[in-house]
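Here's the structure, in structure tokens; my notes come after.
The values are calculated or read from the model by the stated rules, or taken from the named source; none is laboratory data. This structure is a prediction, so every number in the text was calculated from the model and none was measured. Neighbour counts run over all protein chains shown; Cβ positions are idealised from the backbone, glycine included.
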Amino acid sequence: MDRQQEFVLRTVEERDIRFVRLWFTDVVGTLKSVAVAPAELEGAFEEGLGFDGSAIEGFTRITESDMLVRPDPGSFQVLPWRGSAPYTARMFADILTPDGSPSYADPRYVLKRALAKASDMGFSFYTHPEIEFFLFERPLVPGQPPVPVDQAGYFDHVAAGSGADFRREAIQMLESMGISVEFSHHEGAPGQNEIDLRYADALTTADNIMTFRTVIKEVADQQDCFASFMPKPLSDHPGSGMHTHLSLFEGDRNAFFEAGAPYQLSKVARQFIAGILRHGREISAVTNQWVNSYKRLWGGGEAPAHICWGHNNSSAMVRVPMYKPRKENSSRIEVRTLDSACNPYLAFAVLLMAGLKGIEGEYPLPEEAEDDVWLLTDAERQALSIRPLPNSLHDAVTAMESSELVAEVLGEQVFDVFLRNKYSEWAQYRSQVTPFELERLLPNL
């Protein structure tokens, strides 16, 4: 038994922890949880615990239902919202097949495979997400627009505002679980907030994002409001994204940095950007996986709808942030397409592998987009070779279906289940008669 496992077992005993929840996600990123009694933990570390995988979206067929869940002791944290003793803790878990080998249906393992590929090339992959979400008043009324908890705007300070109180409580809870927060503020739309997590390796960040969503929902419930990561819940306001800063390191050296190069970007960084751009359409179904995602991307408000890059260009899919000349580690790129509701394990995996393809294939970086891409005409964008991102989930899934890259990254089982799930979502959406149609057409036709 290793030191991390020993630490967990000792902490559980010393702190009177009666329940340990093992967390994992299904293919579309829904958090799953199973509670384990402390007496079962040692066996869970050694052999895993059995469960019926056929009941989880995409894990296995009914005829091959036996699966194992094995906790990762390095992710152990006490849940702060569970109050006084006896306490509840959580660990993220890996999904295994009955013979103890990793399950190819586990989104966490999809990301681990991508990180192993990066490691084979000499790289470590770091990410830093800026997570946006909305706070709405309760109760939510079915069929009616949600009511934001405030009418504030970007960076507004609202005296005694529920948003500020909410962010303070959420940040304290996150930091008590070892998740460092860098910034927080009110975003541009009423009731919209942003909390930025400090950079970490991609697997830790993905785990932190899943914890973040749970914490935000728990704090909202405590404060009698409702938190949503829906990409665009309000028609007349910007949606919620998860702008994510990416960088590769070779040991302690930032592989994206080159002194004296344009924007301090190395050849590796430029090829990495080129890979993300070239494969941008085919990975969109993973980074923006919901029907509602494309209303955010094509709804304006600085959301990126076109495949291009630029220095400090908020309309671009990939932005190169302001660099600090004497700070090598500040060289990074920012991908602005991601939803805060994506499956972070799959999203980080496809972004990383698209970038690595760019490095392996020595993709040339297209010319920089210096203007606001939204203000260009279609003809101007075409002349600049700026292609659009998919404009609907159906468009995105169609592009993904023919992608060798995404099939390779996700693996056959996740690729197939994800496609079927998204085509089903599109079919259900397309069959709906919307309030827009009833308002515009019913009285006149």
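Considering each residue of the range 345-357 in turn, at least one proves to be in contact with a helix residue (DSSP H, G or I) (Cβ under 6 Å, 6 or more places away or on another chain), assigned to a helix (DSSP H, G or I) and aromatic (Phe, Trp, Tyr).
Being among the aliphatic types (A, V, I, L, M), part of a helix (DSSP H, G or I) and surrounded by fewer than 20 Cβ atoms within 10 Å (Cβ to Cβ) is the filter here; which residues of the range 81-114 pass it? Talk me through it step by step, then tell me what you get.
Pass one, the range 81-114, residues among the aliphatic types (A, V, I, L, M): 85, 89, 91, 93, 95-96, 105, 110-111, 114.
Those left that are additionally part of a helix (DSSP H, G or I): 110-111, 114.
None - no residue of the range 81-114 is among the aliphatic types (A, V, I, L, M), part of a helix (DSSP H, G or I) and surrounded by fewer than 20 Cβ atoms within 10 Å (Cβ to Cβ), so the list stays empty.
Annotation: of all residues in the range 13-31 being farther than 15 Å from ASP72 by Cα and touching a strand residue (DSSP E or B) at 6+ places or on another chain (Cβ under 9 Å), the one that is surrounded by the fewest Cβ atoms within 10 Å (Cβ to Cβ) is ASP16.
Among the residues of the range 369-397, how many are crowded, with 19+ Cβ neighbours inside 10 Å, aliphatic (A, V, I, L, M) and not in a loop (DSSP other than H, G, I, E, B)? Total meeting the criteria: 4.
Residues considered: ARG381, ARG336, ARG332. Of these, the only one that is farther than 21 Å from THR244 by Cα and of a type in the set (Lys, Arg) is ARG381. Where residues in the range 402-425 are over 21 Å from the mean Cα position of the chain (by Cα) and assigned to a helix (DSSP H, G or I), which of them is farthest from GLU282 (Cα to Cα)? Top of the filtered list is SER424.
Picking from residues in the range 308-360 that are modelled with pLDDT of 90 or more and among the basic types (Lys, Arg), the one that is farthest from ASN254 (Cα to Cα) is ARG336. Only one residue in GLY43, GLY48 is among the small types (Gly, Ala, Ser) and surrounded by 12 or more Cβ atoms within 10 Å (Cβ to Cβ). Which one? One residue alone meets the criteria, GLY48. No other residue among ILE171, ILE195 is under 19 Å from LEU135 (Cα atoms), modelled with pLDDT of 95 or more and surrounded by fewer than 19 Cβ atoms within 10 Å (Cβ to Cβ) apart from ILE171.
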